[in-house]
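Visitor: This is the structure I have questions about; it appears just below.
The values are calculated or read from the model by the stated rules, or taken from the named source; none is laboratory data. Please read all numbers here as calculations on a predicted model, not as lab measurements. We place every Cβ from the backbone using ideal geometry, glycine too, and count neighbours over all the protein chains shown.
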Amino acid sequence: MDATKITTKERLAIPRQVMPAQDPTLRIGNFEEVHLGLTPELAQMEALRCIQCKDPVCIQGCPVNIKIDQFIKLIAEGDFLGAARKVKEDNVLPAICGRVCPQEDQCEKVCVIGKKREPVAIGNLERFVGDYERITGQRIDPAIAPSTGRKIAVIGSGPAGLSCANDLAQLGHKVVVFEALHELGGVLMYGIPEFRLPKEIVRDELDGLRRMGIEFRTDVVVGRTITVDELLEEEGFDAAFIGVGAGLPWFMGIPGENLVGVLAANEFLTRVNLMKAYDFPTSDTPVFDCKGKSVAVFGGGNTAMDAIRTAKRLGAEHAYIVYRRSEAEMPAREEEIHHAQKEGIEFMLLTIPLEFIGDEKAILTGVKCQKMELGEPDESGRRKPVPVEGSEFLLPIDMAIISIGNGSNPLIKQTTPDIEVSRKDTIVVDINTMETSKENVYAGGDIVTGGATVILAMGAGRKAAAAINAKLAGVAQKLGER
Amino acid sequence: MYRIVSAIFLAENIKKFEIEAPRIAKKRKAGQFVMLRLALNGERFPLTIADSDPEKGTITIIAQGAGKSTRALNRLEAGDAIADVVGPLGSPSHIENFGTAVSIGGGVGTAIAYPTAAALKAAGNYVITINGARTKELVILENEMKAVSDEAYITTDDGSYGFNGFVTQKLQEIIDSGRKIDFVLAIGPIPMMKAVAEVTRPFGIKTVVSLNPIMIDGTGMCGGCRVTVGNEIKFACVDGPEFDAHQVDFKNLADRNRIYLHEEKESDEAFAHKCRMTSKA
């Protein structure tokens, strides 16, 4: 179909193109990616569905305001690299965001086509251009402005830090990224499983950032190895951006939570993703042997889905999601819930755990649960679950994974007391500039918002980069006037 | 990569390393630890920093070969390198002039107690050290401990050197002699720390232990190192590793440390097999 001659009516007649995926019965036996990606033909066909609105509301739906209409038009015309270049003007990590962004709540939610039909598959198209660039080896490296002589420290190499580093480097600033772990990428590496985000893609995107001259230093825990003050005063950084992500996992505070076999989703996922425990003993780090066992994840977010689908792939016979509200209230992406259901995950909804039960060796054997029913809406607007009298039952399980969110890491607060934090220990920032109460120190991502999404963290990183650049330019101007 | 400057055995299976890590050397305080990862595919494991030299930019760690990683570490020599060394982690020991302080080290725990004993001495305490080992050959840091002690005792389980018996018996003897003890630090195997806590509890002597739960990241992210202290969940990597001995649930710690026994054995056996293969070749 010729992209220049197609009528709106013809565009509307094209159905949303389905991305090929691994069959559920096969994929529960491996850690390879679930979705296989659009072919160029499918991508072009999908791109033709976009009616090129005069006022593309989808752009406002995107936290980093990708020029969605323009990149889709380029795909429709067959200029895939041009499309990649267009996306990368606003988002450096298209192959990652195309996979993990909740598009159904952002750009695709407001897509005009979506009012009567299925919205344009913006996320799948974004992923396509990112993958096309990588797979064909035709790298698009952004232009770098002449050096400003300014040096900025980015603390944390997750989505917030990487997007901030990218923008600052493009503007000609010297950027050094500090990472506490031995691997770069933050939650993209330790949290999100291979079957949802192949680590090779993250490494590839990191290589792109290295080519831009960004320096990376692993094994540096800011707050311990070096403090924010030392970075600014002794190491000559003009500004710092804190994007250290979420911290210590929350537990439920019910009896038996410290039994052997009860662990946080962060621990389970870190063992498997970062430390490659699925490859034990080739890899030194073990993980609870799930083969033939019953595993339950408590929680209903994306991390909960990641954890239980990982347990299933490690051979769990019964893999349960135990969630206190109903499916409609689950914070996980719909797509993730559907994938989990197809993979044989058993959903125990409207159920809360009361107590973990162990044997004489303190090894978990089961969990005492209670059924709930939905009552009046609570402060979050979701209907509040209330216990059903006499509905207690025992669910035999061998491993329990707690996935109810994270608090904030206390290290920066403890060692940089002049950075103001909230009651929940998140860092307080000016929402327009992301600057903290400490001058020239900015923050963004989960350390500011509490647990949120990759793209929101990236948006915060970009906003901070713009503000840092403006501030440094302002200082330079003042110095020039003197 | 972090270069090993020197590596010497202090006793059978217990080796002391000086490692180049300038940032950590500059920052480290008594009671803090580092996470190590020896090589690609290696696990992350914690070791307390025994000493540091900020001028030279080195830290000292002492490791007893127990599992695969510590045994692999103990095969490294000066000039070799370690893939990752991260720190200093954990909250530093709380040091003040308590008056009379007793520092107790059991086995390789002596290496962990040493920097804190030195800091207690520097803060003006009258320092009594009791260092226990199974037998004479396993006694470590005897001279170093003496140098920071007003009174130094060695105990051996078999009586081959020093006091014949456990560290707790020596501690009980000191307490029973009627001397006023203001602070006790105990670091060693879980049963030893638990026993020390029970000796001091009736006398209300402030007692601190350094806990060794399983850790993965060590920076406050995974929650694997949680321990029960005073019926509350605490994270050893950021809230500890030192805690009030009278509040610690030692049974819970011992139970949780057993979780990967089977896997550890498998890993050990694979490593031992590989070592035999290499030595044959």
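Visitor: Can you tell me which residues in segment A:245-275 are of a type outside the set (A, V, I, L, M, F, W, C), more than 7 Å from chain B (Cβ to nearest Cβ) and under 17 Å from the mean Cα position of the chain (by Cα)?
Guide: Within segment A:245-275, A:Gly245, A:Asn273 meet the criteria.
Listed here are the residues, each with its yes/no results for (1) more than 30 Å from A:Ile321 (Cβ to Cβ); (2) aliphatic (A, V, I, L, M); (3) crowded, with 23+ Cβ neighbours inside 10 Å.
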| position | (1), (2), (3) |
| --- | --- |
| A:Glu183 | no, no, no |
| A:Arg210 | yes, no, no |
| A:Ile214 | yes, yes, no |
| A:Thr227 | yes, no, no |
| A:Glu235 | yes, no, no |
| A:Leu248 | no, yes, yes |
| A:Phe251 | no, no, no |
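Visitor: In addition: Any residue at all in segment B:124-142 that's closer than 20 Å to B:Ser6 by Cα and assigned to a strand (DSSP E or B)?
Guide: The answer is no; no qualifying residue exists.
Visitor: While we're here: Got at least one residue in segment A:161-174 being of a type outside the set (Lys, Arg), closer than 21 Å to B:Val85 by Cβ and buried (at least 24 other Cβ atoms within 10 Å of the Cβ)?
Guide: no
Visitor: Which residues, taken from segment B:86-114, are surrounded by fewer than 24 Cβ atoms within 10 Å (Cβ to Cβ) and closer than 28 Å to B:Pro22 by Cα?
Guide: Keep residues of segment B:86-114 that are surrounded by fewer than 24 Cβ atoms within 10 Å (Cβ to Cβ), which gives B:91-100, B:107.
Scanning segment B:86-114 gives B:Ser91, B:Pro92, B:Ser93, B:His94, B:Ile95, B:Glu96.
Visitor: Then there's this: If you check A:Val441 against the conditions, is it closer than 30 Å to A:Gly253 by Cβ, buried (at least 21 other Cβ atoms within 10 Å of the Cβ) and of a type outside the set (Phe, Trp, Tyr)?
Guide: no
Visitor: Additional query: Could you check segment A:359-452 for strands (runs of 3 or more DSSP E) lying wholly inside it with 3 or more residues that are among the aliphatic types (A, V, I, L, M), closer than 30 Å to A:Val262 by Cα and over 24 Å from the mean Cα position of the chain (by Cα)?
Guide: A:364-377
Visitor: Moving on to the next point. Check segment B:198-215 and report whether any residue there is touching a His at 6+ places or on another chain (Cβ under 6 Å) and among the charged types (D, E, K, R).
Guide: yes
Visitor: How about segment A:204-223: which of its residues are within 14 Å of another protein chain (Cβ to nearest Cβ) and under 25 Å from A:Phe268 (Cα atoms)?
Guide: Of everything in segment A:204-223, those that are within 14 Å of another protein chain (Cβ to nearest Cβ) and under 25 Å from A:Phe268 (Cα atoms) turn out to be A:Thr218, A:Asp219, A:Val220, A:Val221, A:Val222.
Visitor: Would you be able to tell me the number of residues in segment A:305-319 that are in contact with a strand residue (DSSP E or B) (Cβ under 6 Å, 6 or more places away or on another chain), away from every other protein chain (no Cβ under 14 Å) and within 17 Å of A:Val34 (Cα to Cα)?
Guide: The number of residues fulfilling the criteria is 3.
Visitor: Mind listing whichever residues of segment A:23-58 are in contact with a strand residue (DSSP E or B) (Cβ under 8 Å, 6 or more places away or on another chain) and part of a loop (DSSP other than H, G, I, E, B)?
Guide: If the condition is that a residue be in contact with a strand residue (DSSP E or B) (Cβ under 8 Å, 6 or more places away or on another chain) and part of a loop (DSSP other than H, G, I, E, B), then A:Val34, A:Leu36 are the ones that fit.
Visitor: Can you tell me how many residues within segment A:148-162 are assigned to a loop (DSSP other than H, G, I, E, B) and closer than 17 Å to A:Asp229 by Cβ?
Guide: Going through segment A:148-162 one residue at a time, the tally reaches 0.
Visitor: A further question follows. For A:Glu126, indicate whether it is at pLDDT 95 or above and within 23 Å of A:Arg333 (Cα to Cα).
Guide: yes
Visitor: Could you check segment A:365-408 and list, in sequence order, the residues that are of a type in the set (Asp, Glu) and either closer than 17 Å to A:Cys290 by Cα or touching an Asp or Glu at 6+ places or on another chain (Cβ under 6 Å) (or both)?
Guide: The first filter runs over segment A:365-408 and keeps only residues of a type in the set (Asp, Glu), leaving A:373, A:376, A:378-379, A:389, A:392, A:398.
Hit for segment A:365-408 is A:Asp398, nothing else.
Visitor: Given the conditions (1) in contact with a helix residue (DSSP H, G or I) (Cβ under 8 Å, 6 or more places away or on another chain); (2) surrounded by fewer than 20 Cβ atoms within 10 Å (Cβ to Cβ); (3) without any contact (Cβ under 8 Å) to a residue 60 or more places away in the chain, and given that A:Asp418 satisfies all but one, which numbered condition is not satisfied?
Guide: So the condition that A:Asp418 fails would be (1).
Visitor: Select from segment B:216-245 the residues that are touching a residue at least 40 places away in the same chain (Cβ under 8 Å) and either facing chain A (nearest Cβ under 10 Å) or not in a loop (DSSP other than H, G, I, E, B) (or both) and list them in ascending order.
Guide: Across segment B:216-245, the qualifying residues are B:Ile216, B:Asp217, B:Gly218, B:Thr219, B:Cys237, B:Val238, B:Asp239, B:Glu242.
Visitor: Mind listing just one residue for me: the one in segment B:161-178 that is modelled with pLDDT of 90 or more and part of a loop (DSSP other than H, G, I, E, B) and, of those, nearest to the chain's Cα centre (by Cα)?
Guide: B:Phe166
Visitor: In segment B:191-222, which residues are in contact with a Leu (Cβ under 6 Å, 6 or more places away or on another chain) and of a type in the set (Val, Ile, Thr)?
Guide: Within segment B:191-222, B:Val199, B:Val208 qualify.
Visitor: Residue by residue through segment A:74-109, note down the ones that are closer than 23 Å to A:Lys5 by Cβ and either buried (at least 19 other Cβ atoms within 10 Å of the Cβ) or touching a Gly at 6+ places or on another chain (Cβ under 9 Å) (or both).
Guide: Across segment A:74-109, the qualifying residues are A:Leu74, A:Ile75, A:Ala76, A:Phe80, A:Ala83, A:Lys86.
Visitor: Something else: For segment A:276-295, how many residues are small (Gly, Ala, Ser) and within 12 Å of chain B (Cβ to nearest Cβ)? Even if it seems obvious, please write down each step before you answer.
Guide: First, the residues of segment A:276-295 that are small (Gly, Ala, Ser): A:277, A:283, A:292, A:294.
Adding the requirement that they be within 12 Å of chain B (Cβ to nearest Cβ) leaves A:277, A:283.
Total meeting the criteria: 2.
Visitor: Further, regarding this structure: Do any strands (runs of 3 or more DSSP E) lying entirely in segment A:276-355 carry at least 1 residues that are touching a helix residue (DSSP H, G or I) at 6+ places or on another chain (Cβ under 8 Å) and touching a residue at least 40 places away in the same chain (Cβ under 8 Å), and which ones are they?
Guide: A:294-298, A:318-322
Visitor: Looking only at segment A:437-456, which residues are modelled with pLDDT under 90 and of a type in the set (A, V, I, L, M, F, W, C)?
Guide: The answer is A:Ala452, A:Val454, A:Ile455, A:Leu456.
Visitor: Is it the case, given these coordinates, that A:Ser403 is among the polar types (S, T, N, Q) and either loosely packed, with under 13 Cβ neighbours inside 10 Å or within 20 Å of A:Asn302 (Cα to Cα) (or both)?
Guide: The answer is yes for A:Ser403.
Visitor: Based on this model, can you work out whether A:Thr270 counts as at pLDDT 95 or above and hydroxyl-bearing (Ser, Thr, Tyr)? Quick ask: steps written out before the conclusion?
Guide: Details: at pLDDT 95 or above: no; hydroxyl-bearing (Ser, Thr, Tyr): yes.
No; evaluated as a whole, the condition is false for this residue.
Visitor: A further question follows. In segment B:230-263, what residues are aromatic (Phe, Trp, Tyr) and in contact with a Pro (Cβ under 6 Å, 6 or more places away or on another chain)?
Guide: Narrowing segment B:230-263 to residues aromatic (Phe, Trp, Tyr): B:235, B:243, B:250, B:260.
Matches in segment B:230-263: B:Tyr260 only.
Visitor: If we scan segment B:11-31, do we find a residue that is basic (Lys, Arg), in contact with a Gly (Cβ under 6 Å, 6 or more places away or on another chain) and surrounded by fewer than 23 Cβ atoms within 10 Å (Cβ to Cβ)?
Guide: Taking every residue of segment B:11-31 in turn, none turns out to be basic (Lys, Arg), in contact with a Gly (Cβ under 6 Å, 6 or more places away or on another chain) and surrounded by fewer than 23 Cβ atoms within 10 Å (Cβ to Cβ).
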